[in-house]
1. Please go through the range 20-54 and pick out each residue that is of a type in the set (Lys, Arg), farther than 15 Å from residue 92 by Cα and more than 18 Å from the chain's Cα centre (by Cα).
2. Inspect the range 153-165 for any residue being assigned to a loop (DSSP other than H, G, I, E, B) and open to solvent by 10 Å² or more (accessible area, probe 1.4 Å) and give the result as yes or no.
3. Can you name the residue in the range 61-93 that is among the aliphatic types (A, V, I, L, M) and open to solvent by less than 20 Å² (accessible area, probe 1.4 Å) and is also nearest to the chain's Cα centre (by Cα) among such residues?
4. Return a yes/no flag: does the range 94-106 have any residue that is surrounded by 21 or more Cβ atoms within 10 Å (Cβ to Cβ) and in contact (Cβ under 8 Å) with a residue 60 or more places away in the chain.
5. Looking only at the range 51-77, how many residues end up being aromatic (Phe, Trp, Tyr) and farther than 21 Å from residue 20 by Cβ?
6. Would you be able to say whether some residue in the range 124-138 is touching a Phe, Trp or Tyr at 6+ places or on another chain (Cβ under 8 Å), open to solvent by less than 40 Å² (accessible area, probe 1.4 Å), assigned to a helix (DSSP H, G or I) and of a type in the set (Gly, Ala, Ser)?
7. From the list 197, 201, exactly one residue is over 11 Å from residue 9 (Cα atoms), of a type in the set (Lys, Arg) and surrounded by 19 or more Cβ atoms within 10 Å (Cβ to Cβ). Which is it?
8. Kindly list the number of the only condition in (1) more than 16 Å from the chain's Cα centre (by Cα); (2) closer than 24 Å to residue 55 by Cα that fails for residue 169.
Amino acid sequence: MTNLATLAPPSWAIPVQPRPAAVEQHRIRIRTQWWHDAITTRGLPGKPPDGADLTRAQVWSAADEDVFTLLWRALAWGSGSYLRDNARRLDGVRADLAHAEKVLGAAAETARHDPGAAYGLLRPGPYNAIRSLGPAFFTKFLYFAGGGAPDHPCLILDRVVATALRDHAGWTSLYCTRPWPAQTYQRYCDLLARWGRQHHRAADEFERALFAGPLPRA
């Protein structure tokens, strides 16, 4: 395993913009009608997302509502106009609503203090706890469960962020194309939290910068 204690963020990933502009207002256009139809025709609980787009701040606001409303917003924001596999995710939730509500509720609560344990609730072994809801999307749920608190310990980890960490920050042992174990997620959250403390920034500002990637050269 790569020794993360030696890693520093690439210069382009050190936040410059204020957090409200860079993170809170990170806006994604969504397929609103698809989500409304897909959720209501399946008889799923929670409120479908509305509006033509969603900011991170608007997804955070659902943290005070039920876990399904939060999940739908997190999925819609994370998917944008690319809806592949979302029907299967919704079907996976519908397959056992009571189980989904229980595990999502426990994960949202645990996300406030223990990223590795929260991750482990949603992927307790080689399979996801909710069918088709894998790490790239359920870490969004864990992140948004924090309601926007700058010190919330859970962060989004997906292929784009993992690739940036491997290729630009020196985390050479981090793979990008298959699910990560809970220990890796904990190490990731700890790494960005350390960078945040060192640079007097919130950890999610580094996640946002890693996702955006370096500016193209002139």
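The values are calculated or read from the model by the stated rules, or taken from the named source; none is laboratory data. No experiment lies behind these values; they were computed from the predicted model shown. Cβ atoms come from the backbone with ideal geometry, glycine included; neighbour counts cover every protein chain shown. Remember, those area values only see protein heavy atoms, side chains included, never the ligands or the DNA or RNA. Shrake-Rupley method; radii C 1.70, N 1.55, O 1.52, S 1.80 Å.
1. Restricting attention to the range 20-54, the residues satisfying the condition of being of a type in the set (Lys, Arg) are 27, 29, 31, 42, 47.
Filter once more, keeping what is farther than 15 Å from residue 92 by Cα: 27, 29, 31, 47.
Matches in the range 20-54: 31, 47.
2. Step one: of the range 153-165, the residues assigned to a loop (DSSP other than H, G, I, E, B) are 153-158.
Filter once more, so that each one left must be open to solvent by 10 Å² or more (accessible area, probe 1.4 Å): 153, 158.
Yes, the range 153-165 contains a residue that is assigned to a loop (DSSP other than H, G, I, E, B) and open to solvent by 10 Å² or more (accessible area, probe 1.4 Å).
3. Residues of the range 61-93 among the aliphatic types (A, V, I, L, M): 62-63, 67, 70-71, 74-76, 83, 87, 90, 93.
Pick out the ones that are also open to solvent by less than 20 Å² (accessible area, probe 1.4 Å) and you get 62, 70-71, 74-76, 90, 93.
Numbers: 62: 14, 70: 12, 71: 11, 74: 8, 75: 9, 76: 12, 90: 17, 93: 18 Å.
Among them, the one singled out is 74.
4. So in the range 94-106, the residues surrounded by 21 or more Cβ atoms within 10 Å (Cβ to Cβ) come out as 100, 104.
Narrowing the set further to residues that are in contact (Cβ under 8 Å) with a residue 60 or more places away in the chain leaves none.
So far as the range 94-106 goes, no, none of its residues is surrounded by 21 or more Cβ atoms within 10 Å (Cβ to Cβ) and in contact (Cβ under 8 Å) with a residue 60 or more places away in the chain.
5. Start the filter on the range 51-77 by keeping residues that are aromatic (Phe, Trp, Tyr), which leaves 60, 68, 72, 77.
If we keep only those that are farther than 21 Å from residue 20 by Cβ as well, we get 68, 72.
Looking only at that region, the number is 2.
6. no
7. Values: 197 fails: surrounded by 19 or more Cβ atoms within 10 Å (Cβ to Cβ).
From the options 197, 201, the qualifying one is 201.
8. (2)
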